[in-house]
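Take a look at the structure below.
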Amino acid sequence: MMVMLSLLAAGCGGQEAQKGSKDGEFVIVTSFYPMYIDVLNITDGVEGIKVVNMTKPQTGCLHDYQLTTEDLKTLESADAFVVNGGGMESFLDKVASQQKNLKIIDASKSDKINFLKDGDEENPHVWLSVTYAIEQVKAITSQLCEADPAHEKQYRDNAMSYVEKLMNLREEMHGELDTLPHKDIVTFHEAFPYLAKEFRLNIVSVVEREPGTEPSPKELEELIAQVKALPVKVLFAEPQYSPVAAETIARETGAKLYQLDPVVTGEAKPEAKDAYLNTMRENMKVLKEALQ
């Protein structure tokens, strides 16, 4: 643990900070909720820092998200824009072309993050691996220190404290999930391969490959057959999306329906600092109950 924390401590550079907002604040905008949680922890208690989450609390994953006029106005006042990367924010080229002086901080800019593939595309849901969530915190901190070196020590100390909490979470989840007797799961969309890989779960199938696009009759028939073949018949919907398709499969198979939360929606407020820790612990409890 100390080796990892010391590596984080050495990650900050010393470039000059960009100009802040008119009232002297250094404004950090985050693309969506998981990035907001990370930045809240990294900037906790640092004076002169304003953290704004760009998207609405109910937005969820940014699949095919289109920037609004309000989003562009928010970014105009930003000194740094923290994004997940990995293709999650398809609008980044537009932001970069319109806001040439904006520091874009890519949370997935780490040689320790190896993207999984959905067909030919990288799966960007890396934060659902606790190990990769740690790497994202480290990557954000390093780039944020370059953008605002005046607060380097505070950013670094906060990040080390949060990384330690995440490492404890990871250990706790391994303790609860590694020995589960059943490992096969059916999830709602392609949000959970990183969590599955980290905790040795096997995703048998996915209800909706693209959120909001219900399975075809043929796909539904195949899903029902796959669920019927499971030793423990369970399905995992997500609170951000309609459970209609999952409910249909549950009725046809007698499977029990649970919810896994990909930690993508929530109110942008200081109490969100512990949202990732709390939600992942709740996911751990759900998985343990479903797969015993």
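The values are calculated or read from the model by the stated rules, or taken from the named source; none is laboratory data. Values in this document were obtained by computation on a predicted structure and should not be read as measured data. As a convention, Cβ positions derive from the backbone with ideal geometry for all residues, glycine included, and neighbour counts pool all protein chains shown.
Numerical summary
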quantity: Lone qualifier among Glu172, Glu152 - being touching a residue at least 40 places away in the same chain (Cβ under 8 Å), in contact with a helix residue (DSSP H, G or I) (Cβ under 7 Å, 6 or more places away or on another chain) and not basic (Lys, Arg); calculated: Glu152
quantity: Unique match (being in contact with a strand residue (DSSP E or B) (Cβ under 8 Å, 6 or more places away or on another chain) and assigned to a loop (DSSP other than H, G, I, E, B)) among Pro181, Pro231; calculated: Pro231
quantity: Meets criteria (free of Cβ contacts under 8 Å to residues at least 24 places away in the same chain and either within 19 Å of the chain's Cα centre (by Cα) or surrounded by 20 or more Cβ atoms within 10 Å (Cβ to Cβ) (or both)) for Ala159; calculated: no
quantity: The range 113-134 residues that are closer than 21 Å to Val206 by Cβ, paired with ones that are assigned to a strand (DSSP E or B) (beta carbon under 9 Å, 6 or more apart); calculated: Phe115/Glu122; Leu116/Glu122; Asn123/Lys117
quantity: Any hit, the range 60-70, residues being part of a helix (DSSP H, G or I), modelled with pLDDT of 95 or more and surrounded by 15 or more Cβ atoms within 10 Å (Cβ to Cβ); calculated: no
quantity: Glu208 crowded, with 18+ Cβ neighbours inside 10 Å and part of a loop (DSSP other than H, G, I, E, B); calculated: yes
quantity: Per-region count, the range 107-145, residues under 19 Å from Cys61 (Cβ atoms) and touching a Leu at 6+ places or on another chain (Cβ under 9 Å); calculated: 9
quantity: Hits in the range 47-70 (condition: in contact with a strand residue (DSSP E or B) (Cβ under 9 Å, 6 or more places away or on another chain) and over 25 Å from Glu122 (Cα atoms)); calculated: Gly48, Ile49, Lys50, Val51, Val52
quantity: Members of the range 63-79 that are closer than 22 Å to Lys100 by Cβ and within 16 Å of the chain's Cα centre (by Cα); calculated: Tyr65
quantity: All positions within the range 234-281 that are part of a loop (DSSP other than H, G, I, E, B), among the hydrophobic types (A, V, I, L, M, F, W, C) and closer than 25 Å to Lys165 by Cα; calculated: Leu260, Val263, Val264, Ala268
quantity: Ile185 surrounded by 20 or more Cβ atoms within 10 Å (Cβ to Cβ), among the aliphatic types (A, V, I, L, M) and not assigned by TED's automatic domain parsing to the domain that holds Phe81; calculated: yes
quantity: Residue within the range 115-125 that is under 18 Å from Val27 (Cβ atoms), outside the structural domain of Ala196 (by TED's automatic domain parsing), in contact with a strand residue (DSSP E or B) (Cβ under 7 Å, 6 or more places away or on another chain) and surrounded by fewer than 21 Cβ atoms within 10 Å (Cβ to Cβ) present; calculated: no
quantity: Which listed residue is surrounded by fewer than 18 Cβ atoms within 10 Å (Cβ to Cβ), among the charged types (D, E, K, R) and free of Cβ contacts under 8 Å to residues at least 12 places away in the same chain, from Lys288, Lys218; calculated: Lys218
quantity: Restricting the range 80-105 to residues that are outside any helix (DSSP H, G or I) and more than 22 Å from the chain's Cα centre (by Cα), the residue that is surrounded by the most Cβ atoms within 10 Å (Cβ to Cβ); calculated: Leu102
